[in-house]
Amino acid sequence: MPFGILRQFGLLPLAPGLPGPYALGSPGVLEATCERAGFQDVAVETAALRWQFASVADALGYYRLMSTSLPREVTEQLNEEQGRQLTAELEQGLRRFERGDGIDLAGEALLGVGTK
């Protein structure tokens with residue numbers, strides 16, 4: 001979710017081919033990267049992820065700590081007012097995932113294996 005909001009602020013996407021949390025996410029990229037590194041019998045699977053937080057504030061704190069979620073070099077491009085707007089947008093976005101017992105966010109990751 002943070003990346004969608006960062007895109008709204010004109011801060012993303014990063015240029016294709018640059019390192020980042022989604023650099024290997026396009027179809028076939030992780031497999032090809034592993035094979036170029038000398039791995040054989042490469043297999044990639046998608047794994048479901050879940051993040052659960054007690055509150056919106058806890059979720060925002062997590063995103064701020066995770067440099068891949070809210071990269072400092074990206075958020076430092078914002079002035080003070082833009083930073084407040086970004087925080088407000090993130091809070092509003094996270095509220096969509098509120099349940100009676102907190103925030104429940106779903107995602108996925110690619111897991112790659114191979115032999116050397």
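May I ask you to list pairs of residues, at least six apart or on different chains, whose Cβ atoms are under 7 Å apart, with the first in region 22-34 being surrounded by 15 or more Cβ atoms within 10 Å (Cβ to Cβ) and the second being of a type in the set (D, E, K, R)?
Sorted first by the residue in region 22-34, then by its partner, the list stays empty.
Do we have any residue at all in region 50-69 that's farther than 25 Å from GLY10 by Cβ, at pLDDT below 90 and in a loop (DSSP other than H, G, I, E, B)?
No, region 50-69 has no match at all.
Quick test of your reading of the structure: GLU45 fulfils all but one of (1) part of a strand (DSSP E or B); (2) among the charged types (D, E, K, R); (3) modelled with pLDDT under 80. Name the failing condition by number.
(3)
The values are calculated or read from the model by the stated rules, or taken from the named source; none is laboratory data. Since the model is a prediction, treat every value here as computed from it, not as a measurement. With ideal geometry, Cβ positions are generated from the backbone for all residues, glycine too; neighbour counts draw on all protein chains shown.
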